[in-house]
Amino acid sequence: MNVAVMTRVALMAAFTAVAAQITIPLEPVPFTLQVLAVVLTGLLLGPRYGALAMGVYLLVGAVGVPVFAGFRGGLGVLFGDTGGYLLAYPLAAALAGMAAGAVTNAPRRRALVAGFLWGGLALVAIYALGATWLAVLAGLSPGAALAAGVLPFVVFDLIKVGLATLVAVAVAPAIAASRA
């Protein structure tokens, strides 16, 4: 891994930390821009480095740096009721990253479709792990966990996936050209 890749990984982890602070506090799951950051990270960095960037983000938060929503950090947040959403981020970034090649090199229409579909799959992974974790830790039924931790967010998160895809399709070719 070279310095340019390490810099991109660090920048996307930092971008995710900033996106976490743009929040509307809802219970039990706050509304943030983290989904946009996670999907964009995967689309720009690919599966391997996208997952690494999210791993770095989680590690920084786990040691207590307040990078999680509401300027919180520590293992208590990571393993709390909403920790499943956070722990899904490396997998989600890796899934979104499966479209990185198409986003960078494919014709615009194909790039947009691939980015949105893989970003949507990343969102499903976040919801699946997050809602399951929420149900177990909060003692909710699966239906109650979906009602509290998924349904209020679906439309807005799909918009975030779309925005991440648009941004990635616009900037990925320039990033790829700078690597040459």
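Tabulated values for the structure
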| item | result |
| --- | --- |
| Whichever residue in segment 56-72 is open to solvent by less than 30 Å² (accessible area, probe 1.4 Å) and not β-branched (Val, Ile, Thr) and, among such residues, is nearest to PHE15 (Cα to Cα) | TYR57 |
| Scope segment 135-157; condition open to solvent by 70 Å² or more (accessible area, probe 1.4 Å) and closer than 20 Å to THR41 by Cβ; matching residues | PHE156 |
| Residues (in a helix (DSSP H, G or I) and not hydroxyl-bearing (Ser, Thr, Tyr)) located in segment 69-89 | LEU75, GLY76, VAL77, LEU78, GLY83, GLY84, LEU86, LEU87 |
| Pairs with Cβ under 6 Å, 6+ apart, first in segment 120-134 and closer than 10 Å to ALA93 by Cα and surrounded by 23 or more Cβ atoms within 10 Å (Cβ to Cβ), second among the β-branched types (Val, Ile, Thr) and at pLDDT 95 or above | ALA122/VAL39; LEU123/VAL161 |
| Residue count for segment 103-117, restricted to those that are buried (at least 20 other Cβ atoms within 10 Å of the Cβ) and more than 13 Å from LEU166 (Cα to Cα) | 0 |
| Single residue of GLY70, GLY83 found to be modelled with pLDDT of 95 or more and not β-branched (Val, Ile, Thr) | GLY83 |
| Subset of segment 17-26 (residues that are in contact (Cβ under 8 Å) with a residue 24 or more places away in the chain and either under 20 Å from VAL150 (Cα atoms) or open to solvent by 60 Å² or more (accessible area, probe 1.4 Å) (or both)) | ALA20, GLN21, THR23, PRO25, LEU26 |
| Pick from segment 90-101, criterion part of a helix (DSSP H, G or I) and open to solvent by 20 Å² or more (accessible area, probe 1.4 Å), ranking: modelled with the lowest pLDDT | GLY101 |
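The values are calculated or read from the model by the stated rules, or taken from the named source; none is laboratory data. Predicted, not measured: the structure shown is a model, and the values here were computed from it. Cβ sites come from the backbone with ideal geometry, for glycine too, and all protein chains shown count toward neighbours. Just so you know, the surface numbers come from the protein's heavy atoms only, side chains and all, with ligands and any DNA or RNA stripped out. Shrake-Rupley method; radii C 1.70, N 1.55, O 1.52, S 1.80 Å.
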